[in-house]
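For reference, the structure is listed below as structure tokens.
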Amino acid sequence: MAAMHKFRTILLFGMPGSGKGTQGAVLGHLPGVIHISSGDLFRKLPKHGELGREVVAFTSRGLLVPDDLTIRIWERYVQILTLQEEIYPGCTTLVLDGLPRNHTQAAMLDDMLDVIQIFHLRISDMEQARDRLAARALRENRLDDINDEVVRRRLQVYEQETVQTLEFYDPSIIFEVNASQTPLKVHADIVNRLSKMETDRDCLSNPPDVALAAQQAAEAEAHRLASSE
């Protein structure tokens, strides 16, 4: 695919429980930005559909969905959004979390994505990461995340595959974020980086007030979080 037809893309990397979904959802409210979570794509697939049956054949055995199947599912979803004129190559900015999962997927997507920024959400305390996964499991009824063996395997896969995927990209576009902070502080770090990017170049979306919109979205999310406590 020609470079001019690539989707501008922001990638969110981080171990399970680091808050990628929360940050992606907030960024997805910005003008001209769409958040796509690979986990949500898998969960929304009709289990009795062709792709759904393929996915279940692996997940039911505790296996990761193969790279080629993952990319097929993602490409189909992007094609649907494009046909519905919800996204436009060269104009819409995609925010992806959970994809690419490894170096192979990064190479497979390289012709489609113009990755302008990577936010790497890091948690140095493994116990805190496990606690976050357990809290999310109860909140979202994802009971597999309570199983110690499942959690251990997911964190191991993250260390072995996901971190290595960062080597595919230019280090200058990778921005480290301390995900052990509160969600609002993580928002602030991301917003500050987006603001600097917008000052350096117009690369996020057509409207000129992307940083302001990001700040407003962060404040709205902080208000929501405070109200739910």
* Quick one: accessible surface of M126, probe radius 1.4 Å, all protein chains present, in square angstrom to the nearest 10. => 60
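Any idea of the accessible area per residue across region 7-197, 1.4 Å probe, to the nearest Å²?
Per residue, region 7-197 has 50 Å² of solvent-accessible surface.
Just in region 23-124: which GluC sites (Glu not before Pro) are loop by DSSP and have at most 16 other Cβ atoms within 10 Å? Before the final figure, lay out each step's value.
Numbers: sites: E50, E54, E75, E85, E86; in loops: E85, E86.
Those that pass, being in a loop and sparsely packed, are E85, E86.
So if each residue of separation counts as 0.36 nm, and I subtract the Cα-Cα distance between L69 and A57, what length gain in nm does that give? Don't skip to the answer; put the middle values down first.
Values: separation 12, 0.36 × 12 = 4.32 nm, distance 1.16 nm.
Gain on extension, L69 to A57, equals 3.2 nm.
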* To do: Provide the packing ranking of 179-188, 154-163, 24-33, i.e. peptides ordered by the mean count of other C-beta atoms within 10 Å per residue, highest first.
  => 24-33, 179-188, 154-163
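Name the trypsin sites (Lys or Arg not before Pro) in region 52-89 that are in a loop by DSSP and that have at most 12 other C-beta atoms within 10 Å, would you? Can you show the working numbers first?
On the way: sites: R53, R61, R72, R76; in loops: R61.
Listed in order of number, the matching sites are R61.
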* Asked: Karplus couplings for region 5-17 from phi (6.51 cos²θ - 1.76 cosθ + 1.60, θ = phi - 60°), rounded to Hz, Gly and Pro as x?
  -> 9, 6, 8, 4, 9, 10, 9, 10, 10, x, 5, x, x
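Ignoring ligands, DNA and RNA, what percent of the 1.4 Å accessible area of region 7-197 is carbon and sulfur? Mind dumping the intermediate values first?
Values: 5000 of 9540 Å².
Carbon and sulfur atoms account for 52 percent of the accessible area of region 7-197.
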* Per-residue HN-Hα couplings for region 29-43 [Karplus 6.51, -1.76, 1.60; θ = phi - 60°; Hz; x = Gly/Pro] -> 8, 6, x, x, 10, 10, 9, 10, 9, 5, x, 5, 4, 5, 5
* Asked: Whole-Hz Karplus ³J(HN,Hα) for region 59-68, in order, using 6.51 cos²θ - 1.76 cosθ + 1.60 and θ = phi - 60°, x for Gly and Pro?
  -> 5, 5, 9, x, 9, 6, 5, x, 4, 5
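So if we plug the beta-carbon distance of E149 and N178 into 1/(1 + (r/R0)^6) with R0 = 25 Å, what FRET efficiency do we get, rounded to 0.05? Write out the running numbers ahead of the final one.
Working: r = 28 Å, r/R0 = 1.12.
It comes to 0.35.
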* Asked: Between Q164 and E50, what is the label-to-label distance in nm when each label sits 7 Å out along the Cα-to-Cβ direction?
  -> 3.2
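The values are calculated or read from the model by the stated rules, or taken from the named source; none is laboratory data. Just so we're clear, the structure is a prediction, and the values are computed from it rather than from any experiment. Positions of Cβ are generated from backbone atoms using ideal geometry, with glycine treated the same way; all protein chains shown enter the neighbour counts. Heavy atoms of the whole protein, side chains included, go into the accessibility calculation; ligands, DNA and RNA do not. Shrake-Rupley method; radii C 1.70, N 1.55, O 1.52, S 1.80 Å.
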